[in-house]
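Remarks on the structure that follows.
The values are calculated or read from the model by the stated rules, or taken from the named source; none is laboratory data. Computed from a prediction, not measured in an experiment: that's the story for all the values here. Backbone-built Cβ (ideal geometry, glycine too); neighbour counts: all protein chains shown.
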Amino acid sequence: MGNDRVAIRLTEVEAYGGRSDPASHAYGARTGRNEPMWAPAGTLYVYLSYGIHWCANIVVGGVGEPNAVLMRGGDIVEGRAAVERRRGRSAQLTNGPGKLGQALGITGSASGSDLWTGPVRLEGPLSSVASIERTQRIGISKAVDWPWRFVERAD
DNA sequence: CAGGTGATTACG
DNA sequence: GTAATCACCTGC
C-alpha cells in the first residue's frame with residue numbers, strides 16, 4: 001500500500017476551442033458532456049474517447065469561452081510503480097491522451113473538478129517557451145491544419 | 001495495418 | 001427509437 005500519488009510533467013498538449021474550431025467539443029451545441037468547457041479556467045474536462053479511453057483537458061481562457069487544452073503526453077516524475085500497476089509494463093506509458101488519463105487514474109467522475117483543489121491538480125513551474133515546438137494536431141478529422149499542438153523539443 | 005469499444009450526438 | 005461519429009490504443 002504505497003503512495004498512490006502520481007506526478008507527470010507535461011511535454012505535449014493540444015489546444016481546442018475558439019469560437020469556430022470544428023474539431024472542438026465545444027463546436028456546436030452546449031451539452032452535458034462539454035459543459036465543463038464553459039467553466040472557469042483551471043477546471044478539468046474529461047471525456048471518454050472511442051468507448052475506452054478517458055482523456056483529460058485543462059479549461060483555459062476567458063470567462064464563458066469554451067477553450068481547453070488536451071493533455072497528450074508527459075514524463076513520469078513520481079509514482080512510476082503506480083502507473084505500471086494501472087498500465088502494465090509498457091515501454092511507452094504516457095505518450096498519448098488515453099494513456100495519460102489511465103496513468104493518472106482519471107475517469108469521467110473527475111470532469112468539472114477544480115485543478116487547484118480537486119482530485120487532479122496542476123502545479124508549476126512552466127518550461128521556457130523557447131523549447132516548445134508547434135505542429136498540427138493529431139487524430140482529428142476536422143481543421144487538421146490548425147497548428148495547435150505544442151510539444152517540448154526533444155533537444 | 002485493422003478492430004474494439006460505448007458514450008454521445010443528430011435526426012425524426 | 002436508430003445510426004453515425006469519435007481529440008485512441010493494442011496487437012497482428
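Regarding A:LEU44, is this residue in a loop (DSSP other than H, G, I, E, B), of a type outside the set (Lys, Arg), surrounded by 17 or more Cβ atoms within 10 Å (Cβ to Cβ) and in contact (Cβ under 8 Å) with a residue 12 or more places away in the chain? Judged against the criteria, A:LEU44 is not a match. Annotation note: Cβ proximity below 9 Å between a residue of region A:117-144 that is within 23 Å of A:ALA103 (Cβ to Cβ) and a residue that is of a type in the set (Lys, Arg) and surrounded by 11 or more Cβ atoms within 10 Å (Cβ to Cβ) (sequence gap 6+ or interchain) occurs for A:SER127/A:ARG9; A:GLU133/A:ARG149; A:THR135/A:ARG149; A:ARG137/A:ARG149; A:ILE138/A:ARG72; A:ILE138/A:ARG149.
Search region A:80-135 for residues being in a helix (DSSP H, G or I) and in contact with a Pro (Cβ under 9 Å, 6 or more places away or on another chain), and hand back the single one that is nearest to A:THR11 (Cα to Cα). Checked region A:80-135; the qualifying residue nearest to A:THR11 (Cα to Cα) is A:ALA110.
For A:ILE138, indicate whether it is in a loop (DSSP other than H, G, I, E, B), within 24 Å of A:GLY18 (Cβ to Cβ) and modelled with pLDDT of 95 or more. For A:ILE138, the condition - in a loop (DSSP other than H, G, I, E, B), within 24 Å of A:GLY18 (Cβ to Cβ) and modelled with pLDDT of 95 or more - is met. All of (1) over 23 Å from A:PRO119 (Cβ atoms); (2) away from DNA strand B (no atom under 15 Å from the Cβ); (3) surrounded by fewer than 19 Cβ atoms within 10 Å (Cβ to Cβ) hold for A:PRO22 with one exception: (2).
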